[in-house]
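In what follows, a structure is listed as structure tokens, so that the remarks can point back to it.
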Amino acid sequence: MKPSDLSNADRLIMELGHAGRNAFIYIDEDRNADRPVTLNTYRPAGYAPDRPVVIVQHGVLRNGDDYRDFWIPAADKHKLLIVAPTFTNDVWPGVQSYNNGLVYTAMGNPRHVDGWAYALPARIVADMVEAELIDGRNAYLFGHSAGGQFVHRLMSSQPHAPWKAVSVGNPGWYTLPTMDRKFPEGLGEVGLTEQHLERLLAYPMTILAGDKDIETSGEHLPSDPPAVAQGPHRYARAHNYLEAGRAEAQRRGIACNWTLQSVPGIGHDGRAMSAVCASLWFEGKMPDAEAMAALASGHAA
């Protein structure tokens, strides 16, 4: 049998059945069969299906291999399976395909929500459950920078069932929790409902914000008017998003269960934010002062 004849579950069994790094093609056979993603993975020695899997969404550089590697120290320590779906720019070009989820057709019409790029991580999790590589009870989702944009928009539009915990780190800007503005500025005019919005507000999502992520210009900092209206830099925009969520929840008479965790001494650094997220999830606390100082001395986009 050729690899192309294998089901996704069979291919996952073949590729993830051994320890170490790997990279292989995954195809969403439902609505994006012509747009494969590359899964950059790491399985530590001693991993078992009842251990957590962390889905990691890369930044604007489309460097899922780097983001997988950022998580390897935590994977080895806590026996985590790391899967970084990588949306290459040749197949998923520009911010519209990745950050903004391929929500619109080439003619500018909204696609069905099940076909948005944001649907893929949960499908990958479902196929790993079918392959018995994970038990499905311990799936975590993290995105940094453009990946943080991807993840909070995923949580705005997709079912939350697969996720035990979700964190976004240092997004350049946010889709605001309102139906009054068109996507991606808000959640309006693309087929989302009030239920999507209320489900988003209810989820205990963590917003990780480096307090040194305060550049006010730069190649990758969104600078169009809707983004600038959210604040001068990423750190301010994170606080603006939380306040927008709280205000919308208060208006509706419901709770906003989000948490903003300020990360001292850290700027726009995917490696450091990955380590902080891993510590919060799997050790229940921020890294200690010595570890934070070591993280602050490095840099990774």
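Values in this text are rule-based calculations from the coordinates and carry no lab data. What you see is a predicted model, and the numbers here were worked out from it, not measured in a lab. With ideal geometry, Cβ positions are generated from the backbone for all residues, glycine too; neighbour counts draw on all protein chains shown.
Before moving on, here are some points about what is shown:
- Kirkwood Rh in Å, taken over region 3-296 so that all alpha-carbon pairs contribute: 19.2
- Going from the residue with the fewest nearby Cβ atoms within 10 Å to the one with the most, S7, S156 rank S7, S156.
- Spatial separation of Cα centroids for region 54-72 and region 117-147, in angstrom: 14
- Dipole in debye (nearest 20) - the chain, about Cα centre, beta carbon charges: Lys, Arg +1; Asp, Glu -1: 340
- Whether region 1-77 is rounded, prolate or oblate, judged on the alpha carbon gyration tensor where a/c under 1.5 counts as rounded: oblate
- Residue of P36, P204, P93 that the Gaussian network model of the chain assigns the largest fluctuation, springs spanning Cα pairs under 10 Å: P93
- Considering only the chain, percent of DSSP beta bridges that pair antiparallel, nearest 5: 40
- Highest GNM mean-square fluctuation among A106, A139, A247, for the chain modelled with Cα contacts below 10 Å: A106.
- The residues neighbouring H233, those whose beta-carbon lies less than 13 Å from its own, together hold a net charge of 0 under the Lys/Arg +1, Asp/Glu -1 convention.
- Rounded to 0.05, the FRET efficiency of the D76 and T178 pair, given R0 = 41 Å and the Cβ-Cβ distance, is 0.45.
- GluC sites (Glu not before Pro) within region 243-301, DSSP loop, no more than 15 other Cβ atoms inside 10 Å: E283
- Square roots of five times the Cα gyration tensor eigenvalues for region 164-235, Å: 24, 17, 8
- The GNM of the chain, with springs linking C-alpha atoms under 10 angstrom apart, assigns the highest mean-square fluctuation among S145, S217, S167 to S217.
- Restricting the calculation to alpha carbons of region 50-198 gives Rg and Dmax of 15.2, 48 angstrom.
- Burial ordering of V263, V91, fewest other beta-carbon atoms within 10 Å first: V91, V263
- Going from the fewest other Cβ atoms within 10 Å to the most, the residues L295, L260 appear in the order L260, L295.
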